[in-house]
1. Just give me the residues in the stretch 1-20 being open to solvent by less than 40 Å² (accessible area, probe 1.4 Å) and closer than 15 Å to residue 92 by Cα, in sequence order.
2. Can you tell me which residue is least open to solvent (accessible area, probe 1.4 Å) among those in the stretch 21-41 that are assigned to a strand (DSSP E or B) and within 10 Å of residue 2 (Cβ to Cβ)?
3. Quick one: is residue 44 aliphatic (A, V, I, L, M) and more than 14 Å from the chain's Cα centre (by Cα)?
4. For the subset of the stretch 79-108 comprising residues that are open to solvent by less than 20 Å² (accessible area, probe 1.4 Å) and under 11 Å from the mean Cα position of the chain (by Cα), which member is farthest from residue 32 (Cα to Cα)?
Amino acid sequence: QVQVVESGGGLVQAGGSLRLSCVASGRLFTINAMSWYRQAPGKLRELVARMDSGGNTDYGDSVKGRFTIFRLNSARNTIYLQMNNLKPEDTATYYCNTRTSDDYWGQGTQVTVSS
């Protein structure tokens with residue numbers, strides 16, 4: 001079993017910042033990538049940011065220059081998302097994905113940005 005737990009969501013005013021955390025635990029062998037996705041009501045789930053096992057990153061166009069995905073130290077099972085200059089359109093449930101030979105998802109954490 002693999003568990004993925006997100007934390008750090010909340011309510012923030014436009015222009016503010018939040019940091020999300022994601023920890024994967026359990027029967028993990030090789031983590032190929034950890035990613036953040038988000039889904040707003042009535043919209044499809046979209047990629048926000050991804051980091052692969054080599055530390056390479058990829059971002060959705062709407063968050064480039066504002067969001068940063070990173071790890072601290074060598075803990076490959078923990079990923080963070082620093083979100084700066086938040087906009088109301090960033091309001092969504094944010095999900096962490098951990099990819100090994102399978103995909104594992106967390107329950108999501110709500111981010112609400114007020115105008």
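1. Across the stretch 1-20, the qualifying residues are 6, 8, 9, 10, 12, 18, 20.
2. Per the criteria, the residue is 24.
3. Against the criterion (aliphatic (A, V, I, L, M) and more than 14 Å from the chain's Cα centre (by Cα)), residue 44 qualifies.
4. Checking each candidate, the answer is 83.
The values are calculated or read from the model by the stated rules, or taken from the named source; none is laboratory data. What you see is a predicted model; the values in this text were computed from it and never measured. No Cβ is skipped: glycine too gets one built from the backbone with ideal geometry, and neighbour counts run over all protein chains shown. Keep in mind that these areas ignore ligands, DNA and RNA; they rest on the heavy atoms of the full protein, side chains included. Shrake-Rupley method; radii C 1.70, N 1.55, O 1.52, S 1.80 Å.
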